[in-house]
Structures are given as structure tokens and as C-alpha cells.
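Engineer: What follows is a structure written as C-alpha cells; I'll ask about it next.
The values are calculated or read from the model by the stated rules, or taken from the named source; none is laboratory data. These figures come from a predicted structure and were not determined experimentally. Ideal geometry is used to build each Cβ from the backbone, glycine not excepted, and the neighbour counts take in all protein chains shown. These area figures cover heavy atoms from the full protein model, side chains too; ligands, DNA and RNA do not enter into them. Shrake-Rupley method; radii C 1.70, N 1.55, O 1.52, S 1.80 Å.
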Amino acid sequence: MTTELAPVPPPQGATDPTPTPAPRRRTADRLAFRWPVPPVSGVVRPRLLGVCLLLAAAAFLAFAVETSVGDIELPLTDVMKALVGTGDPGTELIVHELRLPRALAGLLVGIAFGISGALLQTVTLNPLASPDMMGITQGAGAVVVAGIVLGWDGGLGTQALGLLGALTAGALVYVLAWKRGTTGYRIVLVGIGIAWICTSITDYLLARGQRFQAQAALGWLVGNLNGRTWEQIGPLAITMAVLVPPAILLGRQIRVLQLGDDVAKGLGTRVHIVRVAVLLISVGLVAFGTAAAGPIAFVALAAPQVAQRLAGTPFPPPLAAGLTGAVMVLVSDLAARKIIPDTELPVGIVTGVLGAPVLLWLLIRANRAGSGG
């Protein structure tokens, strides 16, 4: 004979000990999602997504206007038809052979510099960390100038020399900053020292070279989109197709590094491997971008900070930073072509004028926060 015990109700005023499932939390700046098939989950930031879409539209508009500007002004409708292959043969020849390489160079170089700067600033926890400040672009410039002035190119082009110089400078920064590991603070300090060494070497080579050699080197060192060809676009496009996806996929590991090396190791992140991977990706992007258009100043420094404030994120978002960099380069090149009539200034002059106030603002902000020394 068996008896069944009825459940005893809880005393009056007592709470039910059985926990109820908590509802999904939704905040205004992020939405979590989970798909059963395929098993994918993640977080979407509506503001960041909207900013990326607006920046992509602005970059495309600047790209189209850049293609329409020249000795013969073309309407945007004719440019669009030429881009899709439905325009008249004369317009298609002008757009595809003369103007499209320059516009694509500005678009791709801006994206490369913006993503590279965002990665470096995130992994070093320093808004002043960028290829301009850490000697990577200076290393590329020193090797290119050496090849032009001393004839040490060995049959290599400007892109190969720029890649060699950037990789060498990046390797030196990491090796000299190593002391039972690396920290963002040491990487930045060593990078500034490498930058000044490379700048001194470049100045010495310019003073030693002949007049036409110095002029050719200076035209490249300022950062210039004049005379870009398809031969310079191909390697840069392939490099970005290879390096941009892992740069975006490494976002989670990079954000974990912001918690500190000890916490990141406790969460299972291989700190040094992630840091080396980020450095290699950043160096590769900025090396091919610099080789294609020269070291365009301040784009890698300013674009991530502008994108971070537009998106409202605690770190520079790589994709938004790349799109911001593209808009900055294309708009600056348009301004460089229109500021002085019948004169096309190098785009690096305009970005330097626009980026210098951003650098001063970052220094003032860091000093007020107590980290500026």
C-alpha cells in the first residue's frame, strides 16, 4: 500500500523557492539574438549599425564625386552609368582608366588606415597609438627613400619597399618592447623612439640625395593620390581581402585585452598571440596602404576616435573606423584638388591640417584625465 503526499503550500508571506527564468535583457544600445539553425548567437548594436550604414553611404557619395571631378567635369548620373558599364565609350574610358584608380586608392587606403589605427588603439589602450606615432609609416618611408636615393631597390617597386620598411619597423617595436611579455604602454613608447630614428634617417637621405631624387621622395612622403594606376590598386585590394576579415573577427579577443592581461589570461585569451596577430594585421594594412599612396598623415590617428564617438562605443570599432578613414581621405583629396585652382595639392597636406587639431585635442584630454604626464 502506497500513499502519496500532497505538496505542502508555502506559509503565507513566504516566496516560492522555485526560480523563474529571467526575461531577456534589452538595452537601448545592444540587442542579443540567438538562432537555433544554424546555432549562432551574438549582440547587435543598433547605433553602431546605423553609423556604419551612414558612413558607407557617405563614402560611396564621396567616391562618386571623386570620380566625377577632373579636367572634364562629369555628371554623377554619367559616372554611375560608366561604373556599371552602360555609359558611352568616351565616358567609360575616362572613368575606368583615368579616375577610377585614384578614387579606389583613396577608398581602400582610408579603410586600411582606419582599421589599422583602431586595432592599435584598442590593443594598446591608448588613443594616441597609431601607425603615424609608432614608427610604422616612418619605417616604410625610410626604406622607400633609401631605395630612391641610394638605388637600393634591387628591382623592387615602391610597394615592396614600403612593405619591407613597415614590417621591419613593426618587428623592431615588438622586439624592443618585449620584457617577459609586452604591454601597450611599452609598445607606444618604443614606437615613438623608432619613429624618430626613421625620421632622422629619412631626413639624412633627403639631404644626401640629388635634387630630382629628393623631389620624387618628398612627393611620395607627403601622401599623394595623383597618378594612381591599376598596378598599385591590385596588391592593396588583395591584401585587404585577406586581412580585413580576421581584423573584424578578432574584435572579441581584442576587447577582452582591455580588462588587463591577467583577467584576459583567466578568461582563456592567449594574450601575446592575439597581440602579435593584431600587430601583424595592422602592419600589413598600413604597409600596403602606405606603399599605394604614401604615408597620409593623421588618418589612422583621427578616424578611430571620430568613429568611436559617432558609434558611442567604449573602444574604436574597426569597421566604422575604416569607413571613417575612407570618407576622410576622399573628402580631403577633393579639397586638395579644389582649394587652389589649376593646382592639385597632395592629399597628405589636407589631412595633416585637419588631423593636427585632433592630436592636440587628444593630448589635452589625456592630460585632463591625469594620463598625460
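Engineer: How far is it, in nm, from the label point at LEU61 to the one at THR86 when both lie 7 Å from their Cα along the line to the Cβ?
Structural biologist: 2.3
Engineer: Modelled label-to-label distance, LEU54 and THR199, 7 Å Cα→beta-carbon offset: nm?
Structural biologist: Inter-label distance under the simple model: 3.5 nm.
Engineer: Take ALA216 and LEU360, extend 7 Å from each Cα along the Cα→Cβ direction, and tell me the distance between the two endpoints in nm.
Structural biologist: Taking the simple label geometry, ALA216 and LEU360 are separated by 3.8 nm.
Engineer: In whole angstrom, note down how far apart the Cα centers of segment 71-87 and segment 177-250 are.
Structural biologist: So the two Cα centres are separated by 34 Å.
Engineer: Considering only DSSP states other than H, G, I, E and B, which chymotrypsin sites (Phe, Trp or Tyr not before Pro) in segment 199-294 qualify as loop sites with at most 14 other Cβ atoms within 10 Å?
Structural biologist: Working: sites: TYR204, PHE212, TRP220, TRP230, PHE288; in loops: none.
Those that pass, being in a loop and sparsely packed, number zero.
Engineer: Now a separate question. Given the whole protein assembly as supplied and a 1.4 Å probe, what does the accessible area of ILE192 come to in Å², nearest 10?
Structural biologist: 60
Engineer: Test of understanding: express the Cα radius of gyration of segment 56-106 as a ratio to 2.2 N^0.38 Å, with N the residue count.
Structural biologist: For segment 56-106, the normalised Cα radius of gyration is 1.01.
Engineer: Sorted by accessible area (1.4 Å probe), largest first, how do TYR185, TYR174 line up?
Structural biologist: Numbers: TYR185 160, TYR174 35 Å².
So the residues, ranked largest to smallest area, are TYR185, TYR174.
Engineer: Give a residue-ordered list of calculated ³J(HN,Hα) values for segment 75-82 (Karplus: 6.51 cos²θ - 1.76 cosθ + 1.60, θ = phi - 60°; whole Hz; x for Gly, Pro).
Structural biologist: x, 4, 5, 5, 5, 4, 5, 5
Engineer: Could you go through segment 265-280 in sequence order and give the Karplus-derived ³J(HN,Hα) for each residue, using 6.51 cos²θ - 1.76 cosθ + 1.60 with θ = phi - 60°, rounded to whole Hz, and x for Gly and Pro?
Structural biologist: 5, x, 8, x, 8, 7, 4, 5, 5, 5, 5, 5, 4, 5, 5, 5
Engineer: List the lysines whose Cα lies under 20 Å from the Cα of LYS179, skipping any in the same chain that are fewer than 8 positions away.
Structural biologist: Within the straight-line limit of under 20 Å, LYS179 reaches these lysines: LYS265.
Engineer: Over segment 154-265, with a single point scatterer placed on each C-alpha, what log10 of the ratio I(q)/I(0) does the Debye formula yield at q = 0.12, 0.15, 0.19, 0.20 1/Å?
Structural biologist: Relative scattering, expressed as log10 I(q)/I(0), comes to -0.67, -0.96, -1.23, -1.27.
Engineer: Out of the total accessible area of segment 263-373 (probe 1.4 Å, heavy atoms of protein only), what percent is carbon and sulfur?
Structural biologist: Values: 3140 of 4590 Å².
On segment 263-373, the fraction of accessible area on carbon and sulfur atoms equals 69 percent.
Engineer: Now for a separate question. Answer rounded, prolate or oblate for segment 232-368, using the Cα gyration tensor with square roots of eigenvalues a ≥ b ≥ c: rounded when a/c is under 1.5, else prolate when a/b is larger than b/c, else oblate.
Structural biologist: Values: a/c = 2.68, a/b = 1.55, b/c = 1.72.
Here segment 232-368 falls in the oblate category.
Engineer: Please turn the phi angles of segment 335-350 into ³J(HN,Hα) values with the Karplus equation 6.51 cos²θ - 1.76 cosθ + 1.60 (θ = phi - 60°), one per residue in order, whole Hz, x for glycine and proline.
Structural biologist: Taking θ as phi minus 60°, the curve returns 5, 5, 7, 10, 4, 10, x, 6, 9, 10, 6, x, 5, x, 5, 5 Hz for segment 335-350.
Engineer: Express the relative contact order of segment 279-323 as a whole percentage, based on alpha carbon pairs under 8 Å and six or more residues apart in sequence. Show your work: numbers first, answer last.
Structural biologist: On the way: 25 pairs, mean separation 11.9, N = 45.
Answer for segment 279-323 is 26 percent.
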